[in-house]
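Where a number appears in this text, it was derived from the coordinates with a stated rule and is not lab data. None of the values given here were measured: they were computed from a predicted structure. Don't worry about glycine lacking a Cβ; one is built from the backbone with ideal geometry, like all the others, and counts go over all protein chains shown.
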Amino acid sequence: MSPETYKVYELKRQIEREFSELFPNEPPYVVAKIEDTEGFAFSNSSCLADVARTQDKLVVLPEEAVGPISPSSNAPMPNLHGG
């Protein structure tokens, strides 16, 4: 894969793979989105070369993991609502 055609979703998967290699005993890190320092989120299908330069800093945001809650757990139930 050439750097000119490297997609945002490919960077997400690479970050997830490297995290799991570096921290094999930790829960998986799932990237929800990548954005610039101004808060502009990049589309998964965007080419990185089109949205960021080599020296640009990127912000990688994880998905918030909400696992199943057992009845014996004292954890509060999350507030779920449509919208």
How big is the range 3-62 in terms of Cα radius of gyration and Dmax, in angstroms?
-> 11.9, 36
For the range 19-24, Karplus couplings with θ = phi - 60° (6.51, -1.76, 1.60), whole Hz, Gly/Pro x | 4, 5, 6, 6, 10, x
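On a full-extension model of 0.36 nm per residue, what is the gain between S43 and E16, subtracting their alpha-carbon distance, rounded to one decimal in nm?
Stretched fully, the S43-E16 segment lengthens by 8.0 nm.
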Computed magnitude of the charge dipole of the range 3-62 (debye, nearest 20; Cβ of K, R +1, Cβ of D, E -1) | 100
In Hz, Karplus ³J(HN,Hα) per residue of the range 27-39 (6.51, -1.76, 1.60; θ = phi - 60°; x = Gly, Pro) = x, x, 8, 10, 7, 7, 7, 10, 9, 7, 6, 8, x
